[in-house]
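None of the figures in this text is laboratory data; all of them are computed from the coordinates on show. These figures come from a predicted structure and were not determined experimentally. Note that each Cβ is placed from the backbone with ideal geometry, even for glycine, and that neighbours are counted across all protein chains shown.
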């Protein structure tokens, strides 16, 4: 099977975000204020030219990248594709010299992120009826 990871458009992201994360919401409601920011980066993982996973990256004011709206089609979950996309995304961050990456993880995805070096840094909180925790990862371990 041919697998490739490459930049994608916001429109491609929106379709997958809606299908995987919030199928009961209108597509346009899944746009983030940051989506059109100059620092916004959207990446997709394709299997046989089918987009099956996407992630969005945003730079904050304090030299930290934030991962938002990571989505993988359910039938492709637990098969290593999301991990491939996350690892490639983290490599891009590392190459840029950014020392910290943060995200809000659904409770069900905590172990997925921990396997890539993320640590929980908040108490659980509810957002739109779903339980999340804040997580972060440092490339420079002296910053932890």
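Details
- Taken together, the criteria place residue 117 among residues that are outside any strand (DSSP E or B), free of Cβ contacts under 8 Å to residues at least 60 places away in the same chain and at positive phi.
- Filtering 64, 54 for residues that are in contact with a strand residue (DSSP E or B) (Cβ under 8 Å, 6 or more places away or on another chain) and surrounded by fewer than 17 Cβ atoms within 10 Å (Cβ to Cβ) leaves a single hit, 64.
- Options 105, 56, 29: the member that is touching a helix residue (DSSP H, G or I) at 6+ places or on another chain (Cβ under 8 Å) and farther than 25 Å from residue 4 by Cβ: 105
- For residue 71, the requirement of being within 13 Å of the chain's Cα centre (by Cα) and closer than 18 Å to residue 128 by Cβ is met.
- Test for residue 80: is it on the phi > 0 side of the Ramachandran plot and surrounded by 13 or more Cβ atoms within 10 Å (Cβ to Cβ): no
- Residue check, residue 45 in contact (Cβ under 8 Å) with a residue 40 or more places away in the chain and in contact with a helix residue (DSSP H, G or I) (Cβ under 6 Å, 6 or more places away or on another chain): yes
- Tally, over the stretch 82-102, of residues that are touching a helix residue (DSSP H, G or I) at 6+ places or on another chain (Cβ under 8 Å) and closer than 9 Å to residue 139 by Cα: 3
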